[in-house]
Structures are given as structure tokens and as C-alpha cells.
Amino acid sequence: MGINWEFLQAVTGEFDPDVIFHLFLSSRGIDRLSGLDLLCNLRILDLSRNSIIRIEGLGNMGNLEILDLSHNKICKIENLFACGKLTTLRLKANPISRVQDLQGLGEVPSLRTLVMRNADTSETCPVCLAPDYRRVVCSLVPRIECIDSHRLRNNEVKIDAECFKEVSLNVPLEVEPWIDRNELALIDPSEDPAVLDKINAECAGFRKALADVTELVRDSEHMCTIIERQMQFLKIEDGDTHTHTSGRTHTHSMT
């Protein structure tokens, strides 16, 4: 299976290829590198664990920085000349067996990290067993910094000798406090007349409002009592009227 724009749209959910920066297509059954020409802004491309047999179709990958082709069927490193910003290349567990097949590394002088096997030598490419494997890689990419998780050189760290001199700080023995203890003391509201006046005024207002509500409730209860009595009277009166009407109807029937 190859790669086309419809497939990329389905995988990424994007409709503009210019906004695709990371593409992870591991274990997708892909057998050839194609259909990536539109992804000119791609930074990371993961095509590990597929069935790719040849490195190709990267002519528009000028911004690509990380390429993972581990666990494929690639036998030769080639066609990386357009990847001018490539810094990391992963090719673990590919059937690359000859040092001559590493010549394509010379096309990417920007490369800093090459991974063709794990640090414990698992998932290795056969070429890693060649005696001059590391030497060839270093000759092809002079600025390489890390091969198979092993750093080739430690960057020198320069420390100014002044950093080791004893430093004396003029710290006063006694420091004036920022806040006085009295400023942190809690004030008893009963000791402040203004606070008491405010509290008393609020309490008086509350008592007046409570009295108004109590009177309103009392009036409402009285009104409810009157309404209940009127309802009872109406029911009694309606019952008497019904009785009289029934009596007249019965007498008329007998007549």
C-alpha cells in the first residue's frame, strides 16, 4: 500500500497539507514511500514497522528533522539529499548489511543522531557488526554526535574560575521586621465605638424588618381564616339549596 492525499486526510484529519508538521504512520502496511510531496512543512515522520523496501519520495522534505524507518525492509541508505535539516535518522532492524550501503549518509551533513540498533545491540542492522561500521559513519558525517545511543564526544563545559572563589555576603545580623506585632494584633469589635454603632444600626434595621414580616404573616393568617369561614358557609348554603330543590322535585313527581 502506498500513501496518497486522501489517506493522509483520513489519518490526520487535516485538509491543508501546510499545517501538517508531525506524521505518525507506524504499522500501517505501507510498502513504498510516495505521496508525501505536499507535506513541505513536515518536521517529524514516523514510518516504522511497515514493509518499505526503498528510501524515496522525500524530494520535498526540506524541513524534515526526524525520520524513523525502523523495522522495514530497507537495504540501502539513499535519496536523502533533499532533507537539508534532518538531524535524527532511525533505521533499526532493517536488512542493511554492507558498509557500501551507508554512502547515502553523506547526503545529509546536518545529521547528528543515527540509530541502527539499540544500546544493548538488540534490533540491529547486520551492517552494525562490521568492524569499520562506526568509522565509515563518522567519515561520511563528520559532525555526527551520537551513533546507536552512544555519544561520540562530550562537549567541553567551560567554567569560569571566578565561580570557585569564596563569596562574602554583607548580611546584617539583625533584620528589621517588615510588619510590627501590633499591626498583626486582632481588634476586639466591642472596643471600637464606630463598629458598635454600625452593628447596632444593622440590628435595629433587622428587628424592624422582622416585625414587619411578623405583622404581615399575622394579617395573612387572619385573612385565610375569614376565607375558610366564607367557604364553609357557602358549602352549607349550597347544600340547603340542593336539599330544597330535591324535595320540590320529589313532591312534583308524586303529584
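The table that follows gives values for the structure above.
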| quantity | calculated |
| --- | --- |
| Heavy-atom accessible surface of region 57-139: percent carbon and sulfur, 1.4 Å | 52 percent |
| Calculated from backbone phi, Karplus (6.51, -1.76, 1.60) coupling profile of region 194-202 in Hz, x at Gly/Pro | 5, 5, 4, 4, 5, 5, 5, 5, 5 |
| Largest-first ordering by accessible area, 1.4 Å probe, given options S48, S26 | S26, S48 |
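The values are calculated or read from the model by the stated rules, or taken from the named source; none is laboratory data. In this text the structure is predicted, and so the values were computed from the model without any measurement. With ligands, DNA and RNA removed, areas are computed over all heavy atoms of the protein, side chains included. Shrake-Rupley method; radii C 1.70, N 1.55, O 1.52, S 1.80 Å.
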